[in-house]
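Note sheet for the following structure.
Every number here is computed from the coordinates shown, using simple stated rules; none is lab data. No experiment lies behind these values; they were computed from the predicted model shown. Positions of Cβ are backbone-derived with ideal geometry, glycine not excepted, and every protein chain shown enters the neighbour counts.
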């Protein structure tokens, strides 16, 4: 038992374990203390000073977010002086902030905006001292607007500590202090892997995706174009919460309906491609097991993880599956298989994907992703961008009648759905690998040991007597930890204890992706994941190899998993990258 | 050692070097040699003598005669007349002796300094470890290592009442005790020599004038708290300090006073110098630790304090140079001896830098509790050129502007608190009637604006808002409400800034505006009396 400390907040007694902060103790009592730089997932920095409270006996107010409680402490969270102090800080921030709320991508999601409203701050209390600085638009995926940055430091902690990428940090000091990349070269010329976690944690509009909304509207309105859309698994568990539904509510039918309403010509589903990925990847795993490696096999569907691997772990590239991500498999098929089946000129197809991800924008534009003869995926929208489009179009999402996806590449199984949660790809792959090796389905397809929000999960899977040790890591900090261990094992003994590893760049997997709504925390990510597992359980088919649409695509077009044409369209290769600039240096694996 | 009948000490510090101290020294050696006096007269380099604005300064012992503004061409005369014929050269002598080392027995005489920390500065050759040993150096270390337990060392320091000279005045012995009792085998002692307070160079004088005293203080601290490794974080611009400290460290290793098994007692200790890169905030102990760890110099949240979670999260003592330099004398002479100096709650002495419109700018060491008026008018010689006193900025840039009516304040930690002032860095900037308070405050705010680390909102943007406001007032474009706005902003910075940097701007802002409001109002009416503002 931890040592307990008793204290009084606004006259109410509360007992909490030693080491608890005043903020946490207040939350336990249901007392609201306004915060700005603080985020429950991240270590507090105490940068903003909004959470100041009065502590009896202390000459000046204390920051609730990082002050530990002490025995008998008497805390006041609300007083005239505190309100003035908090208001004063918001006024200071606004004097150095580009206030353009209605057109800001963070509008209604901005924590500075909501605090200003909450505290009743006059937007023009202090004269503007803002000196407009240029935007960093060097990256394909992420835009930085220093004019909206409040230097809360969240993005830096996320990039350096949660993701261990360290693409950004503070530079200069005082009023000149700002967040920047190495030698101000811009995110596009840095080690940034485009995971976009900074955009999720940024409390304002200083970090956002590079928007492609306008291009997509143009394509939809162009009568010459045939616009095909795919949506990632995680979307169905997230869209609802942006329209007032409980987090984790799955709204697949409404999602299809809204896309049709927005004017997309054909609505397919990335889940179909996820099933296809499983066919190719499980086959690759079985072949590697039969042919003596190289093992472990590591999943490849998270593009943030792929660039991270190319930058920091190029030496293990041969362990990474050659499978493209579901988005790119879909893209390659849309302009070949679908074009052929539907009799559409592939040059007229505009392939749009909607992803919980910012790294997908980068992945779609990798020069090698043109196996259909065209750029396989033309535009990538994040969940946030789709939400903005829905709002722009004035659609009442919550009350929309459900619709179905188009069949050819829209049918999917529960295995495809759970791709969106950490551990899901592993579980889906095990279901199909088991079938490929034994010729029959597992008795119980649920692999609960790899589910959940724990950073690194390990399990031993029994495939008819063949014991396979697997591991799952989500969040690049956890990935780095696991891979450092694997790398050491490989260096020392030539083999690793693991046979199969799933890695997702974002904490929680795609439900916690960098393109997901701002302001989510680990708890909310877990609820979205639970939503996906619920859908998996409710579906008729739960293994990718059972999907009739998958059977059809192999029959009609791809022959069998690992065939020559499958390799041409569905598999890829990797580069070694410069750790400072992110530039590709050389190929480290090659196309078959 | 040869027996010499006279010593000529050449003050060598950045200021005198600029004035040609090296040339003077060379000439001295040459002239002495040419007269065949080399065996009788020794020329020594010493630290700054605490005299500022007087060019190259020499002292000739045993008489203790000071020469000021010495040029190389004056040297033959000094050698011929004084050193050969025994007739001091009157026209080159300092007219009065504002700063003079006095023996401890003469303590109590008015207008005499009491030198504990600076007892050897300007007296011995700082680059010669033997000279330090000859005046009783490293005796305290020997005493502690051979006859005292670490706890007894801490007890002695506690009893002495020594308080941190870095500004906050925290009891040193208590800090050491916390660190000793903190869990963990690895502990560190850090000497904060990142002296960056404008108008302050007291630590530099110690570093340059008596580096071994600081080393000995650090060794005693290390022995007391159980540290094996110490760091001296020196302001990067202090090139001579760094050179002399490094020489002192190297010599201490050679003499077996640093390294493994010191004096055969089993106590081992290493010291390393780390150069600061010019950030004012790195004088704050946690920012200093971050910088020492190779990170951006930004303060950490306290608690936990460095005494439990310091360098590399290990228990760490961070002490100011002056604090540590007090320790050898305390251990050698005992706490009771030390407590005879100063006041009951602020024991010992304090080193001050007196600058500005005084007759004798420079450094002094006097007992705690000495009235400010005495410091300015006796030790500083009062206002020069017959002008009237207007204000003193006490404690550095983060200090307080005191007008004439508040000059009787006794300078110690607690008395100053009653005046809402602080000892701070020990800097006393004296201004005469011509000084412009608005312009002074502008300089201070600009300094803080430049030196804020940018981590926390109140300090980062608050300093900028203050700068915009004072610029307006200075140009006569503001309104009277701007003055109140400035006080309000600095008050909110005091309450909500993350570290002392942002918290302390309230002191100069409030004291300047409240004590000299009339002058600010005159500026608002475009009535300027200083050239800077008129422009």
Principal axis dimensions, the range B:396-455 - Cα atoms, whole angstrom, descending = 36, 31, 15
Give, in nm to one decimal, the length gained when the segment between residue A:108 and residue A:176 is fully stretched (0.36 nm per residue of separation minus the Cα-Cα distance).
-> 21.7 nm
Looking at the P(r) of the protein assembly as shown, how many percent of alpha-carbon pairs lie beyond 59 Å?
-> 28 percent
Residue-averaged 222 nm ellipticity for chain B, from DSSP H runs of 4+ at -39500 (n - 2.57), nearest 500 | -11000 deg cm²/dmol
Honestly the range A:388-517 on the Cα gyration tensor test (a ≥ b ≥ c root eigenvalues; a/c under 1.5 rounded, otherwise a/b vs b/c for prolate or oblate) is just oblate
Taking chain A as the reference, fit the longest principal axis to its C-alpha atoms, fit the long axis of helix A:476-493 to the helix C-alpha atoms, and give the angle between the two in degrees, 0 to 90, nearest 10.
-> 50 degrees
Under the definition of Cα pairs under 8 Å and six or more residues apart, what whole-number percent is the relative contact order of chain B?
-> 13 percent
Fewest-first ordering of A:564, A:212, A:502 by Cβ atoms within 10 Å yields A:564, A:212, A:502
Neighbour-count ranking for B:270, B:412 (other C-beta within 10 angstrom, fewest to most) reads B:270, B:412
Counting other beta carbons within 10 Å of each Cβ, put A:285, A:419, B:442 in order, fewest first.
-> B:442, A:285, A:419
Classify chain B as rounded, prolate or oblate, taking a ≥ b ≥ c as the square roots of the eigenvalues of its Cα gyration tensor: rounded when a/c is under 1.5, otherwise prolate if a/b is larger than b/c and oblate if not.
-> oblate
Percentage of interatomic Cα-Cα distances in chain A larger than 35 Å = 40 percent
Chain A: calculated mean residue ellipticity at 222 nm from DSSP helix runs of at least 4, using -39500 (n - 2.57) = -9000 deg cm²/dmol
Once both axes come from the Cα atoms, what is the angle between helix A:522-538 and the longest principal axis of chain A, in degrees from 0 to 90, rounded to 10?
-> 30 degrees
If you average the sequence gap of Cα pairs under 8 Å that are 6 or more apart and divide by the length of the range A:4-78, what percent do you get for the contact order?
-> 41 percent
Please report, in whole Å, how far the alpha carbons of the range A:71-111 spread along each principal axis, starting with the longest.
-> 48, 19, 15
Based on the alpha-carbon gyration tensor of the range A:483-589 and its eigenvalue square roots a ≥ b ≥ c, which shape applies: rounded if a/c is under 1.5, prolate if not and a/b is larger than b/c, or oblate?
-> oblate
In units of 2.2 N^0.38 Å, what is the alpha-carbon radius of gyration of the range A:277-356?
-> 1.34
Could you work out the relative contact order of chain A, using alpha carbon pairs under 8 angstrom and six or more residues apart, expressed as a whole percent?
-> 16 percent
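For residue B:526 and residue A:129, what does the FRET efficiency come to when R0 = 30 Å and r is the distance between their Cβ atoms, rounded to the nearest 0.05?
After rounding, the FRET efficiency stands at 0.80.
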Helix A:303-312 sits at what angle to the longest principal axis of chain A, using alpha carbons and giving 0 to 90 degrees rounded to 10?
-> 80 degrees
Could I have the simple spin-label model distance between residue A:492 and residue B:404, label points 7 Å from Cα toward Cβ, reported in nm to one decimal?
-> 8.0 nm
